[in-house]
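Notes follow the structure.
The values are calculated or read from the model by the stated rules, or taken from the named source; none is laboratory data. Since we're looking at a predicted model, the values are computed, not measured. Counting neighbours? That spans all protein chains shown, and the Cβs are built from the backbone with ideal geometry, glycine included.
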Amino acid sequence: MDAFDLMNVVGLVAFAVVGSLKAADAELDLFGVAVLGVLTALGGGTMRDTLVGRTPASLQSMADMSVAVVGVVLAVVLSRRLAGRLRDHPAVLLSDAVGLAAFAATGALVGSEAGLSPYGVVILATLTAVGGGSLADLLLTRVPVVLREDFYATPALFGGVVFWLVTQLGVVVDTAALVCAGFVLSTRLLALRYEWELPRV
Amino acid sequence: MDAFDLMNVVGLVAFAVVGSLKAADAELDLFGVAVLGVLTALGGGTMRDTLVGRTPASLQSMADMSVAVVGVVLAVVLSRRLAGRLRDHPAVLLSDAVGLAAFAATGALVGSEAGLSPYGVVILATLTAVGGGSLADLLLTRVPVVLREDFYATPALFGGVVFWLVTQLGVVVDTAALVCAGFVLSTRLLALRYEWELPRV
Amino acid sequence: MDAFDLMNVVGLVAFAVVGSLKAADAELDLFGVAVLGVLTALGGGTMRDTLVGRTPASLQSMADMSVAVVGVVLAVVLSRRLAGRLRDHPAVLLSDAVGLAAFAATGALVGSEAGLSPYGVVILATLTAVGGGSLADLLLTRVPVVLREDFYATPALFGGVVFWLVTQLGVVVDTAALVCAGFVLSTRLLALRYEWELPRV
């Protein structure tokens, strides 16, 4: 299992959990929960592949969908144990941060493999990371978290930069992807913990 | 006229009617009605073609757009005769079921022709079927029907499976597409008639 | 600098201003303002390039992003001087009309270069023009302006027709693009000034 597969599985499960719990919080029924979980998991990667002109991984094999379904099942089990409003529950925020980090890494890897410029790699990492959660919010007709929180897209963006810097040091892309994911995850968690934010205009 | 063209025309008219009546229900003016009708009709197919890397049919010729406009005109005439809330009117639900069935068939045909795996064919059929109506709901800032109703994406998904099973029996794809459409339409109508649903989480 | 580059820069700045001011009006903080400004600026062109099967310009170089950021900075400075509700402020409407016109021209140029039919050129011009503003509205969970106003997509559509007619007269595409932009801008401003509208259904 290379870094892409590892990050992909982690990201798919994490975002399937996030999407499912957001749907349960919005009082959708079991099927709506499953659909939103799957779409949240597959959304970012499908956008990533379409942007670089590939047939999306989600259409090529059952692998991604199967992993997403595991995440949905996990979320359904979890949701019966979580008290209070699911939307802001620490378990959801943590899972979301993990998904953000993992998908930033897959975006950086695909962009790098597709021969994009360093800049393109950074942007693709950011879009892949924020794509799934934004889709979930849009489908629930909420302003996406990427617009509401300062340190959501930002960690992903700097994660892309970290990926590029590390590869420039001669480190292989697989290791660089793991460093990128670690950076995104820790930055996002610090931002949540200390409520980092920027002033309003 | 092969199965693709037939299903395409049926689906375009049906979804143009659905989109237009949803727009009229949301009190948009004539132009908004026409735009939403056209976008609902063309949305699923455009997504379908983009996902398999083709220039969308909606950009290649006036055919799809012209058929969609016929659907819009039909809807405008119809809307003056329908009483009560258009959104849930039986005519809208029927038209929506017809569009769902027809576009599932076109998705299965395009996926099969593009050489996708059986799994990919099923997913493309589902996305093509639910794409137009979801776009309409999103543009009207409503939670899309695909999340609210259990047996909306499900009939399309199983329709894709039926398409694949029938082709495995040696039946030509054109016939398989018609069987798929018939299955989706009847399942969707049964679900509406008997209010099939799954429990909440 | 050819017509594409000129229209692209003008459109990017104009739509970055529009997106940023819409975000400020929705009381997003500085980061949300910047993100929505950038997405509004890059949205239409990214959709345009994806539809004709190219890697989006926004992923290929920092140029588009940098220009969009200039627009965001301009908007932040502007927003401190504008009184009243930003959403309907004349400065926003003017900037939006300029972006609409400039992106219609880039859509027509890319469609023409990609070898689309005259019809495809017109549709691509229209989608490119209305894409950014529609994305901004969707992300703020509002019914997009393209559905609410009759003479928003219409000027772009006829601008595409004008582009095609002018090239048929033997005029080079760069000049045709400028004529197209001039037509869209003046038609949109006239529609705003005289409150052109169509009857409700």
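Structure summary
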{"item": "Neighbours by Cβ (under 7 Å, 6+ apart or cross-chain): first from region C:48-62, at the interface with another protein chain (Cβ under 7 Å from one of its Cβ atoms) and surrounded by fewer than 16 Cβ atoms within 10 Å (Cβ to Cβ); second part of a loop (DSSP other than H, G, I, E, B) and hydroxyl-bearing (S, T, Y)", "result": "C:G53/B:T55; C:S61/A:S117"}
{"item": "Members of region A:148-201 found to be more than 14 Å from chain C (Cβ to nearest Cβ), modelled with pLDDT under 95 and touching a helix residue (DSSP H, G or I) at 6+ places or on another chain (Cβ under 7 Å), listed by number", "result": "A:L192"}
{"item": "B:D96 acidic (D, E) and more than 30 Å from B:V172 (Cβ to Cβ)", "result": "no"}
{"item": "Criterion: assigned to a helix (DSSP H, G or I), touching a Lys or Arg at 6+ places or on another chain (Cβ under 7 Å), in contact (Cβ under 8 Å) with a residue 12 or more places away in the chain and not β-branched (V, I, T) - qualifying residue of A:L12, A:L21, A:L36", "result": "A:L36"}
{"item": "Any chance A:D29 is touching a residue at least 40 places away in the same chain (Cβ under 8 Å), within 11 Å of chain B (Cβ to nearest Cβ), more than 19 Å from A:V130 (Cα to Cα) and of a type outside the set (A, V, I, L, M, F, W, C)", "result": "no"}
{"item": "Filter result for the condition that a residue is closer than 15 Å to C:G107 by Cβ and polar (S, T, N, Q), over C:T141, C:T187, C:T126", "result": "C:T126"}
{"item": "Subset of region A:106-125 that is among the hydroxyl-bearing types (S, T, Y) and more than 10 Å from chain C (Cβ to nearest Cβ) - its residue that is farthest from A:L36 (Cα to Cα)", "result": "A:S112"}
{"item": "Unique match (being free of Cβ contacts under 8 Å to residues at least 40 places away in the same chain, closer than 26 Å to B:A24 by Cβ and basic (K, R)) among C:R87, C:R80, C:R148", "result": "C:R148"}
{"item": "Condition met for B:V179 (within 26 Å of B:V18 (Cα to Cα), touching a Phe, Trp or Tyr at 6+ places or on another chain (Cβ under 6 Å) and free of Cβ contacts under 8 Å to residues at least 40 places away in the same chain)", "result": "no"}
{"item": "From B:V145, B:V76, B:V98, B:V92, residue being within 11 Å of chain A (Cβ to nearest Cβ), aliphatic (A, V, I, L, M) and more than 19 Å from B:A57 (Cα to Cα)", "result": "B:V145"}
{"item": "Test: residue in region A:17-25 that is of a type in the set (G, A, S), within 13 Å of chain B (Cβ to nearest Cβ), farther than 19 Å from A:L185 by Cβ and out of contact with any helix residue (DSSP H, G or I) (no Cβ under 6 Å at 6 or more places or on another chain)", "result": "no"}
{"item": "Filtered residues of region A:50-71 (kept if within 19 Å of A:L138 (Cβ to Cβ), assigned to a helix (DSSP H, G or I) and touching a Ser or Thr at 6+ places or on another chain (Cβ under 8 Å))", "result": "A:T50, A:L51, A:S58"}
{"item": "Hits in region A:15-37 (condition: more than 19 Å from A:T141 (Cβ to Cβ) and surrounded by fewer than 24 Cβ atoms within 10 Å (Cβ to Cβ))", "result": "A:L30"}
{"item": "Condition check for C:L74: of a type outside the set (S, T, Y) and either in contact with a His (Cβ under 7 Å, 6 or more places away or on another chain) or closer than 17 Å to C:G99 by Cα (or both)", "result": "yes"}
{"item": "Single residue of B:L109, B:L74 found to be farther than 27 Å from C:A114 by Cβ, in contact with a helix residue (DSSP H, G or I) (Cβ under 7 Å, 6 or more places away or on another chain) and of a type outside the set (K, R)", "result": "B:L74"}
{"item": "Hey, A:A91 surrounded by fewer than 17 Cβ atoms within 10 Å (Cβ to Cβ) and over 22 Å from A:D174 (Cα atoms) or not", "result": "yes"}
